[in-house]
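The values are calculated or read from the model by the stated rules, or taken from the named source; none is laboratory data. Note that the structure is a prediction, hence the values are computed from the model and not measured. Glycine gets a Cβ as well: all are built from the backbone with ideal geometry, and neighbour counts include every protein chain shown. Ligands, DNA and RNA are stripped out before the accessible areas are found, and what is left, the full protein with its side chains, is counted by its heavy atoms. Shrake-Rupley method; radii C 1.70, N 1.55, O 1.52, S 1.80 Å.
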Amino acid sequence: MTTLTPQKPAIPQPGSIQQPRRTTAPATEPRPAQDPAWRELVDAVREAGQYRTRSEAESVTRIVLSALGGHVVGDERVDLARALPEEAARVVASQIPATRKLTASEFVDSVAARIEGATPATARWDVSSVLSVLRSLVGDELVTRILDQLPPGYALLFGRAELTPAA
């Protein structure tokens, strides 16, 4: 948080204008870029998605996690937030639950709408890059519980085969 404080608490002299000095308040928690677990997550997404810059990987990670955060509810949402780095948990937990569950294709389209210049194909790549890293981070058991909440088709986005029971 940046605050403006005067350089001197004295009364200004006539004809002189005091310029405020920018000071940074002491941080009570690490900024996302300084959180090692968040950096590791973003670096893993960067590698998985073959993004050119860390900034691009971080942006995609935030967008996909925020989209996912609206569709995971209940105990699974709480457990997901607990399993993630603090900044990622904040992104997931800050989302208002969706009023309608999106199909996997609609979910990818919703992510595409949030990324400048994205197509459904590039958004699918982005979503899969983040969710496959998420799967390795939080484990298959939690991913299975999350998938049980979502419509069919999401398993592939997490890098898992989607098996359907034989008729």
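Going through segment 83-106 one residue at a time, which ones are under 19 Å from residue 133 (Cβ atoms), among the aliphatic types (A, V, I, L, M) and in a loop (DSSP other than H, G, I, E, B)?
84 - this is the single residue of segment 83-106 that is under 19 Å from residue 133 (Cβ atoms), among the aliphatic types (A, V, I, L, M) and in a loop (DSSP other than H, G, I, E, B).
Return the residues of segment 49-72 that are open to solvent by less than 40 Å² (accessible area, probe 1.4 Å), assigned to a helix (DSSP H, G or I) and within 27 Å of residue 148 (Cα to Cα); say none if nothing qualifies.
49, 60, 61, 63, 64, 65, 66, 67, 68, 69
Every residue in segment 23-63 that is touching an Asp or Glu at 6+ places or on another chain (Cβ under 6 Å) and at pLDDT 95 or above, please. Give the derivation first.
Start the filter on segment 23-63 by keeping residues that are touching an Asp or Glu at 6+ places or on another chain (Cβ under 6 Å), which leaves 32, 35, 38, 42, 60.
Of everything in segment 23-63, those that are touching an Asp or Glu at 6+ places or on another chain (Cβ under 6 Å) and at pLDDT 95 or above turn out to be 38, 42, 60.
Check segment 107-118 and report whether any residue there is in a loop (DSSP other than H, G, I, E, B), open to solvent by less than 60 Å² (accessible area, probe 1.4 Å), out of contact with any Lys or Arg (no Cβ under 9 Å at 6 or more places or on another chain) and without any contact (Cβ under 8 Å) to a residue 24 or more places away in the chain.
Of the residues in segment 107-118, the ones in a loop (DSSP other than H, G, I, E, B) are 115-118.
With the extra rule that they be open to solvent by less than 60 Å² (accessible area, probe 1.4 Å), the set shrinks to 115, 118.
From what is left, the residues that are out of contact with any Lys or Arg (no Cβ under 9 Å at 6 or more places or on another chain) are 115, 118.
Of the ones still in play, those that are also without any contact (Cβ under 8 Å) to a residue 24 or more places away in the chain are 118.
Within segment 107-118 (the criterion being in a loop (DSSP other than H, G, I, E, B), open to solvent by less than 60 Å² (accessible area, probe 1.4 Å), out of contact with any Lys or Arg (no Cβ under 9 Å at 6 or more places or on another chain) and without any contact (Cβ under 8 Å) to a residue 24 or more places away in the chain), the answer is yes, since at least one residue qualifies.
Return the residue satisfying two criteria in turn: it lies in segment 38-48 and is buried (at least 21 other Cβ atoms within 10 Å of the Cβ) and not charged (D, E, K, R), and of such residues it is farthest from residue 110 (Cα to Cα).
38
If we scan segment 120-138, do we find a residue that is not in a helix (DSSP H, G or I) and not charged (D, E, K, R)?
Initial filter on segment 120-138 (not in a helix (DSSP H, G or I)): none.
No; the residues of segment 120-138 include none that is not in a helix (DSSP H, G or I) and not charged (D, E, K, R).
Any idea how many residues of segment 73-106 are closer than 22 Å to residue 58 by Cα, charged (D, E, K, R) and open to solvent by less than 40 Å² (accessible area, probe 1.4 Å)?
The total comes to 2.
Any residue in segment 139-155 that is over 14 Å from residue 74 (Cβ atoms) sitting within a Cβ distance under 6 Å of a residue that is in a helix (DSSP H, G or I) and open to solvent by 20 Å² or more (accessible area, probe 1.4 Å)? List the pairs, counting only those 6 or more apart or interchain.
Close Cβ pairs satisfying both conditions: 143/135; 154/147; 155/147.
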